[in-house]
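The values are calculated or read from the model by the stated rules, or taken from the named source; none is laboratory data. None of the values given here were measured: they were computed from a predicted structure. Cβ atoms come from the backbone with ideal geometry, glycine included; neighbour counts cover every protein chain shown.
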Amino acid sequence: MTRLRTGRNRSAGLQRPPAAILAIAAIAIAFFALPFIGLLWRVPWGDAWSLLTTPSSLTALRLSIETSLWATALSIVFGVPLAWVLARYGFPGRRIVRALCLLSLVLPPVVGGVALFAAYGRRGLLGDSLFDWFGMRLPFSTAGVVLAQTFIAMPFLVLTVEAALRGLDRRSEDAARTLGASRWYAFRRVTLPAIRPALIAGAVLAWARALGEFGATITFAGNFPGRTQTMPLSVYLALESNPGQALVLSVVMIAISFGVLLSLRDQWLGGSTTGRSSQ
Amino acid sequence: MSVEARFTIQHDSFQLTIDMTLADGEVLAVLGPNGSGKSTLLNALSGLQPIDSGTIQIDGNIVDDVDRSTFVLPEHRHVGVMFQNSELFETMSVIDNVAFGLRAHGENRNAARSAAAEWLKRFSLESFAHRRPASLSGGQAQRVALARALATRPNLLLLDEPTSALDVRAKAEIRRDLLQLRREHPVTTLLVTHDPLDAFALADRVIVLEEGRIVQSGALDEVASHPQSRHIADMVGLSLVRGEVRNGTLTTAANALLVVPADTPEGPSVASIRPASVSLHRRQPEGSARNAWEMAISDLDRHPDRVRARLTGPIPLLAELTPAGADALSLAVGDTLWASVKASEVTVTPDLLP
């Protein structure tokens, strides 16, 4: 038996993974791809546009986009300072605080919703005070949706930004200080621009997560059309009454998420740390 | 006194003990190996690290004093720092880097930019104004970093190994810029380096740090001819010869000739010769060593492990011998003898200093 190869593929065996690994990886790819292919196959394409533009669909879509953008904004406003403290500020119990802030990342979202209820619900820890002071009822309101989404989505931003802050060269902040920059000015003009790619990536991840939030939202905010019924909730509901609409809405959400993932990859590659070209 | 610093900093088992002063406009070089405490000294002066005992005064203001519990933040010290790796802000253009300090001090954008443009012009960097730091060479980046540090008109300038990451040509350019700066705008400067050429080019005085202590200080010539440790001897012992290289030979202003390695680029140059590579002979040497001069011994510095001789003649040199070698020649101050150096032992760098 000869092992001689000739022609263009002469050296292909040098880099190609073993056949068994290729086969198993192919099964894994199929595992991920098949549900989406099935979904696209089942969609009643003829009625797609009319199903998508029904008032109930449009209402859910609008509500989802509004609430998820609010949740993203809140995640940035609170998440960046939180990431900064976790990355830079050593205090006793930091590991515990960190784990606590990232807990909702691994928690079943329904449990998150129950916990939110225990804190901000009518009989919750702060429920009465919030109502007395601000006349605010979070559960079963649009604000409650935003709260639930922020609770679930913010850790994605915190993780990404914290990693970027840890990887940053502190000397450039030192340089800023010696040039007369206050801590705040150095943060704003030096640190923040340096972590911008990570901040954008984190915000996009958080937004995608908020857009897809289901468990915590339905537990804490309920399922009221126009007020708390976001896209995932309306997909779940439509599955019983109008499967065609559920499929069309699902395709919309898949398209959005897929686009986010593709753009994110470019963001990471484009925003990687640039070294000095020559020394 | 522009700077008075008497302090200690404790880091686990390492302790830095400093007692030094800088006169107005003086350039002081701090020489020392890695881990000797040079960076800690710079951080203490710039305010990036608080001291553990003692006091630091800059321009008559106490900036750090443990007993009085005074500590001035780095942004209020008016101490400019040129960092070892430039530490330019990669997200800003070159001109915005230079304008940064003025902006931080509250200048508006246009005023800061036009002042920055002047500084770039002064260092012939104006064509880089709108480039990103990542596209600069190491030497260009260091010169931008220098312009950036100076733009805020600091009372004290700290240079942290300004040439260590650069090639020979870029090193020479930075030295030229620093020297030009010294002449036009004398700024009190502390130069940290382990390259004695930096110190020779720029400094009035030198202190040597070893393991957190100042082991020697004084004029550079003095330290070079009487080094108090093996390490200092290795670090500052170089003899420098300036002149013009043509066809593998350097001609000094006094018309003395020094044969240098054959591949040396032509033009104004500085040759450096290590004392240990200078041989002494009672008679004119024959054969391989083409560089030989008749010299007189003007100074002898004897230590148990080495003898250092200062030689005057066509090309002033430092020579270092073993005590046995010195005894064999029975050296004494005032003696006349022959010194020789192999061309291959001569290191040459371009001379850009005016």
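Can we say residue B:134 is without any contact (Cβ under 8 Å) to a residue 60 or more places away in the chain, within 11 Å of chain A (Cβ to nearest Cβ) and surrounded by fewer than 18 Cβ atoms within 10 Å (Cβ to Cβ)? Yes; evaluated as a whole, the condition is true for this residue. Is it fair to say residue B:118 is in contact with a Lys or Arg (Cβ under 9 Å, 6 or more places away or on another chain) and either surrounded by fewer than 17 Cβ atoms within 10 Å (Cβ to Cβ) or more than 21 Å from residue B:185 (Cα to Cα) (or both)? No: the conditions fail for residue B:118. Here the strands (runs of 3 or more DSSP E) wholly within segment B:261-354 that include at least 2 residues being within 24 Å of residue B:198 (Cα to Cα) and not hydroxyl-bearing (Ser, Thr, Tyr) are B:267-273, B:307-312, B:317-321, B:346-350. Taken over segment B:105-130, the residue count meeting the criterion of being more than 30 Å from the chain's Cα centre (by Cα) and not in a loop (DSSP other than H, G, I, E, B) is 6. Among the residues of segment A:83-133, those that are part of a helix (DSSP H, G or I) and of a type in the set (Ser, Thr, Tyr) comprise A:104, A:120, A:129. When B:197, B:191, B:209 are checked against the criterion of being outside the structural domain of residue B:298 (by TED's automatic domain parsing) and surrounded by fewer than 20 Cβ atoms within 10 Å (Cβ to Cβ), B:197 stands alone in meeting it. Can you find, within segment B:56-101, the residue that is surrounded by the most Cβ atoms within 10 Å (Cβ to Cβ) among those that are more than 9 Å from chain A (Cβ to nearest Cβ), acidic (Asp, Glu) and in a loop (DSSP other than H, G, I, E, B)? Filtering first and then ranking leaves B:59. Condition check: surrounded by fewer than 17 Cβ atoms within 10 Å (Cβ to Cβ) and either free of Cβ contacts under 8 Å to residues at least 24 places away in the same chain or more than 14 Å from residue B:320 (Cβ to Cβ) (or both). Does residue B:230 satisfy that? Considered against the rule, which asks whether it is surrounded by fewer than 17 Cβ atoms within 10 Å (Cβ to Cβ) and either free of Cβ contacts under 8 Å to residues at least 24 places away in the same chain or more than 14 Å from residue B:320 (Cβ to Cβ) (or both), residue B:230 comes out as no. Please work out if residue B:156 is of a type in the set (A, V, I, L, M), within 22 Å of residue B:37 (Cβ to Cβ) and touching a strand residue (DSSP E or B) at 6+ places or on another chain (Cβ under 6 Å). Yes. For residue B:181, the stated conditions hold: it is at pLDDT below 85, outside any strand (DSSP E or B), buried (at least 18 other Cβ atoms within 10 Å of the Cβ) and in the same structural domain as residue B:39 (by TED's automatic domain parsing). Of all residues in segment B:21-55, those that are part of a strand (DSSP E or B) and buried (at least 18 other Cβ atoms within 10 Å of the Cβ) total 7.
In segment A:204-225, which residues are in a loop (DSSP other than H, G, I, E, B) and farther than 16 Å from residue A:70 by Cβ? Scanning segment A:204-225 gives A:214, A:222, A:223, A:224, A:225.
In this structure, residue B:213 does not qualify as touching a residue at least 60 places away in the same chain (Cβ under 8 Å) and touching a helix residue (DSSP H, G or I) at 6+ places or on another chain (Cβ under 9 Å).
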